[in-house]
1. What nm distance separates the two modelled labels at Trp13 and Ser98, each placed 7 Å from Cα along Cα→Cβ?
2. Apply 1/(1 + (r/R0)^6) to the Cβ-Cβ distance of His35 and Ala4, taking R0 = 30 Å, and write down the FRET efficiency to the nearest 0.05.
3. In this model, which of Lys9/Lys29; Lys30/Lys125; Lys29/Lys125; Lys8/Lys105 are farther than 28 Å apart at the alpha-carbon?
4. Sort Ile49, Ile116 by accessible area with a 1.4 Å probe, largest first.
Amino acid sequence: MITAERRKKDIKWSIDQNPIEISFTKTIKKLVNGHLEEIKDDVTLTVRIFPQKTYDSSINVSTSTIGTSYQNTAYGMLADSEADLSIDSKSSIEFDCSYGHMKIKNVYPQIVNGEICGYDCGLEKVM
């Protein structure tokens, strides 16, 4: 059976093979004196971005009266346990990196024995 320390070490090793530094602004809503207050925090992380195995060369095209957007969901990202990544329907995380402009679509915590060891994320490349 794998331990949480071993899984964290494996995730760190994987990130160190091809590290990419990303920066984004995280907005958190906290209850302060009976109302919700938005608190912004600048975050810089070292992660690993990789092409997904299921790359199907498909690009989704979204058109509207405002313009056209091209999206490719063939990328993934691995982050360590210190990243504290979370997204929901009201907030999202977007950043620029050497692969282009990315948006985190989903976050899967890697949990061993109740302890978060890292995060596996699905990315969407927005062109």
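The values are calculated or read from the model by the stated rules, or taken from the named source; none is laboratory data. As the structure is a computational prediction, the values presented were derived from the model and not from experiment. Cβ: placed from backbone, ideal geometry, glycine included. Neighbour counts: every protein chain shown. We work out accessible area using only protein heavy atoms, side chains counted, and drop any ligands, DNA or RNA first. Shrake-Rupley method; radii C 1.70, N 1.55, O 1.52, S 1.80 Å.
1. Here the modelled spin labels are 2.3 nm apart.
2. In this case the efficiency is close to 0.20.
3. Pairs exceeding 28 Å: Lys9/Lys29; Lys30/Lys125.
4. Of Ile49, Ile116, the descending order of accessible area is Ile116, Ile49.
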